[in-house]
Amino acid sequence: MIELKLRSILKQIKNENPQKRFEALDQLFQYKLQDGLEVQIDVLKDMIQTAASTFPAQVDHWDNPSFYLIDFVCDFPMPEVIEGLLKHLDRFDPHAKVRAMELLLATEDEGIFYLLEEKMAELILTEEIHIPVKELAAYPMLGKGILDKTLDQLHAKHYKFQLYELVLSLVSSGIEQGYKKGIILPSLLKDYQAVKQEYLKFDADFSSKYVYTAWKDSYFAVRSQMRLLIGLMEYYFSTEIGPELEQAMSFRDPLIKTEALLVCVAKNLPYNPNTLIEAAEHIESAEMVYWELTERNLEHLYPISEGKQPHLAKTRLYSTIINLPEEEGGVIHYPKNIQLIDQVEMENSYGQPVRYYLLSFFENGTRYAGWAGGYALEDGEDTAELWDGSYTDFVEWDSASIEEHKVAFFEKRAQEKEEHETSVYFESKPRLSRGAWFFLSLAIIHWIKEAVTGFSEAGIPFLVALTVIGGSMCLYELTKNKNRKIEIVGRQLVKMDGSKQHTIGLHEIKKVEYNKKKVLVYNKKNEVEFTFPLSWVRYELFYVRMSEHTDHLKDRPYIQS
């Protein structure tokens, strides 16, 4: 049983031997990767309590059992887990506290939000943590409360840019666009000047290839900070900002140049039309320009009016390749001379028409085949919307004809479709009823009592009868439940009840609701497709898995939380 293995891990992560702790944490990580894993709530509670206890002194950055235990239990957002996290929050490692807070944010409970505001501010003022800006962005008033208490940390090296990110999430939400302008604008100008000087060390020699093959992390931090500060200039503008934006549009980095250009567009500031054309044509910034303009309802300004889909396909393949993980031996992928060769059209898993582009590219003198797409065709022939399935297997271009490359593509898609449609991403079976557990527990308690006080002739028949009743009930239910389950298989929600099976496509679901007794699944006609007892699933986990597998749908179903 998984519970026995997890309890063994709880013992090992307190071992004085670092190697034993490492092995235990590695095993815990492997379990975390398993889809559809179910763990008894008592074990999850024990994991939370253990995370709040003391551990041997850390020997390396990985040696943080408190964090990894909380990271594991956060995959099971049940009420008991939420309650345990709140109860023991103060005793977790600082990084574990942040991970717990990320889950607690999802409760959207006002009382919990008040607590999180206080605890997050306290952590920022006393520890060096990573602020969960992405999660806080969905709750700008909470972010504002944290900023109100911690803005003095804007001058701290560790927190400076994290707080700038939080400020940007607040002002871009529209809640308070001029937030603390008297404090932030002078700081922004000063910090931008400092970061700009760091950037200028790279500008003269800039090339996208250098960024991804040589400079890497040393440059990524500078680029990220430049883009963040320029993005803030849209909301914190002054006479000193104008010349800075004008200069930034002359920089050689296409992403920094585009960031400045978009601020000028948003604020109706003058810019050279050729700068917009350059940004739209550059392989690093083409998609960024298009989607940012579209989000601002300024798609008409995009200078490529026809053939934008094949144009953007090159950028999509480029970004796919440069974001591949670095291979063993330090092999870094960087494509050059990407060319569009052909296209194919097909239907995706949901029966929607999509288009993929066959492209070729060079890397280290060898020409390879790659694919970009699939672009959704329901909204037009030249839409940029896509269900991203871009990839390359680094098959040499000359190893096959164009038709053979296309045949290989369809074979790969068919294989992936078959694997997906037969993969079980969630499975839950009914648990024993309270009645069965009652009789079984009663029998165990009485057997123990008789063993302690000495067996009596009058008591034995009663014990045997109680055991038979409890055992029979358990055996009956276990036998019956063996063929009862709820599954997410591929893109289907499946209910098995003995020989009967009910199935509905995830994309065909309008909503999922529940009450004290059962879960109701509705189709697009708002009719109940089928129901199943609430006891068949741990609803909190079912909700998470259903959300994970429907979030990508264009018409997502409502799933009651």
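The values are calculated or read from the model by the stated rules, or taken from the named source; none is laboratory data. Bear in mind that the values here come from a model prediction, so they are computed numbers and not experimental data. Note: ideal-geometry Cβ built from the backbone for every residue, glycine included; neighbour counts use all protein chains shown. Protein only, heavy atoms only, side chains kept; ligands, DNA and RNA dropped before computing areas. Shrake-Rupley method; radii C 1.70, N 1.55, O 1.52, S 1.80 Å.
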statement: In the range 550-561, anything in contact with a helix residue (DSSP H, G or I) (Cβ under 9 Å, 6 or more places away or on another chain) and either open to solvent by 40 Å² or more (accessible area, probe 1.4 Å) or acidic (D, E) (or both) is listed as K554, D555, R556, Q560, S561
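Given S349, S360, which one is among the hydroxyl-bearing types (S, T, Y), closer than 19 Å to F409 by Cα and in a loop (DSSP other than H, G, I, E, B)? Steps first, answer last, please.
Working: S360 fails: in a loop (DSSP other than H, G, I, E, B).
The unique qualifying residue is S349.
Restricting to the range 500-535, name every residue that is touching a Ser or Thr at 6+ places or on another chain (Cβ under 6 Å) and either loosely packed, with under 15 Cβ neighbours inside 10 Å or over 21 Å from E421 (Cβ atoms) (or both). It would help to see each step written out before you state the result.
Quick first cut of the range 500-535, residues touching a Ser or Thr at 6+ places or on another chain (Cβ under 6 Å) only: 506, 518, 520.
Across the range 500-535, the qualifying residues are K518, L520.
Would you check if Q352 is under 16 Å from T383 (Cβ atoms), surrounded by fewer than 17 Cβ atoms within 10 Å (Cβ to Cβ) and of a type outside the set (S, T, Y)?
Values: under 16 Å from T383 (Cβ atoms): yes; surrounded by fewer than 17 Cβ atoms within 10 Å (Cβ to Cβ): yes; of a type outside the set (S, T, Y): yes.
When the stated conditions are applied, Q352 passes them.
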- line: Over the range 1-49, the set of residues among the aliphatic types (A, V, I, L, M), open to solvent by 50 Å² or more (accessible area, probe 1.4 Å) and in a helix (DSSP H, G or I) is L4
query: Which residues, taken from the range 64-85, are free of Cβ contacts under 8 Å to residues at least 60 places away in the same chain, surrounded by fewer than 17 Cβ atoms within 10 Å (Cβ to Cβ) and more than 18 Å from I2 (Cβ to Cβ)?
result: E83
message: Only one of L493, L534 is modelled with pLDDT of 85 or more, in contact with a helix residue (DSSP H, G or I) (Cβ under 8 Å, 6 or more places away or on another chain) and of a type in the set (A, V, I, L, M, F, W, C). Can you tell me which?
response: L493
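Just to be sure I understand, how many residues within the range 476-489 are in contact with a Leu (Cβ under 9 Å, 6 or more places away or on another chain) and at pLDDT 85 or above? Spell out the reasoning first.
Taking the range 476-489 as the starting set, the residues that turn out to be in contact with a Leu (Cβ under 9 Å, 6 or more places away or on another chain) are 477-478, 481, 486-488.
Adding the requirement that they be at pLDDT 85 or above leaves 486-488.
Residues flagged as in contact with a Leu (Cβ under 9 Å, 6 or more places away or on another chain) and at pLDDT 85 or above within the range 476-489 amount to 3.
Being farther than 28 Å from L104 by Cβ and among the charged types (D, E, K, R) narrows it down to one residue among K149, K160, K181, K144; which is it? First the steps, then the outcome.
Details: K149 fails: farther than 28 Å from L104 by Cβ; K160 fails: farther than 28 Å from L104 by Cβ; K144 fails: farther than 28 Å from L104 by Cβ.
Being farther than 28 Å from L104 by Cβ and among the charged types (D, E, K, R) holds for just one of K149, K160, K181, K144, which is K181.
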- prompt: Out of all the residues in the range 155-181, which are open to solvent by 70 Å² or more (accessible area, probe 1.4 Å) and over 17 Å from I129 (Cβ atoms)?
  reply: H155, I175, Q177, K180, K181
Candidate set: the range 365-380, residues that are open to solvent by 20 Å² or more (accessible area, probe 1.4 Å) and either of a type in the set (A, V, I, L, M, F, W, C) or touching a residue at least 12 places away in the same chain (Cβ under 8 Å) (or both); chosen: the one farthest from I321 (Cα to Cα): E378
Single residue of the range 413-428 satisfying the filter (exposed (fewer than 14 other Cβ atoms within 10 Å of the Cβ) and not hydroxyl-bearing (S, T, Y)) that is nearest to V489 (Cα to Cα): V424
message: I need the full set of residues from the range 237-270 which are among the aromatic types (F, W, Y) and modelled with pLDDT of 95 or more, in order please.
response: F251
field: the range 256-270, residues that are closer than 20 Å to Y219 by Cα and either surrounded by fewer than 19 Cβ atoms within 10 Å (Cβ to Cβ) or among the basic types (K, R) (or both)
entry: K257
statement: Subset of the range 395-412, residues of a type outside the set (A, V, I, L, M) and surrounded by 13 or more Cβ atoms within 10 Å (Cβ to Cβ), comes to W397, H405, K406, F409, K412
- prompt: What residue, among those in the range 296-318 that are open to solvent by 30 Å² or more (accessible area, probe 1.4 Å) and either among the hydroxyl-bearing types (S, T, Y) or part of a loop (DSSP other than H, G, I, E, B) (or both), is nearest to I277 (Cα to Cα)?
  reply: P303
message: Quick check on my filter: what residues within the range 92-119 are open to solvent by 20 Å² or more (accessible area, probe 1.4 Å) and either in contact (Cβ under 8 Å) with a residue 40 or more places away in the chain or among the acidic types (D, E) (or both)?
response: D93, E102, E108, D109, E110, E117, E118
Test: R227 is at pLDDT 95 or above, in contact with a Leu (Cβ under 8 Å, 6 or more places away or on another chain), open to solvent by 50 Å² or more (accessible area, probe 1.4 Å) and not polar (S, T, N, Q): yes
field: Within the range 234-255, tally of residues that are part of a loop (DSSP other than H, G, I, E, B), buried (at least 18 other Cβ atoms within 10 Å of the Cβ) and over 29 Å from the mean Cα position of the chain (by Cα)
entry: 3
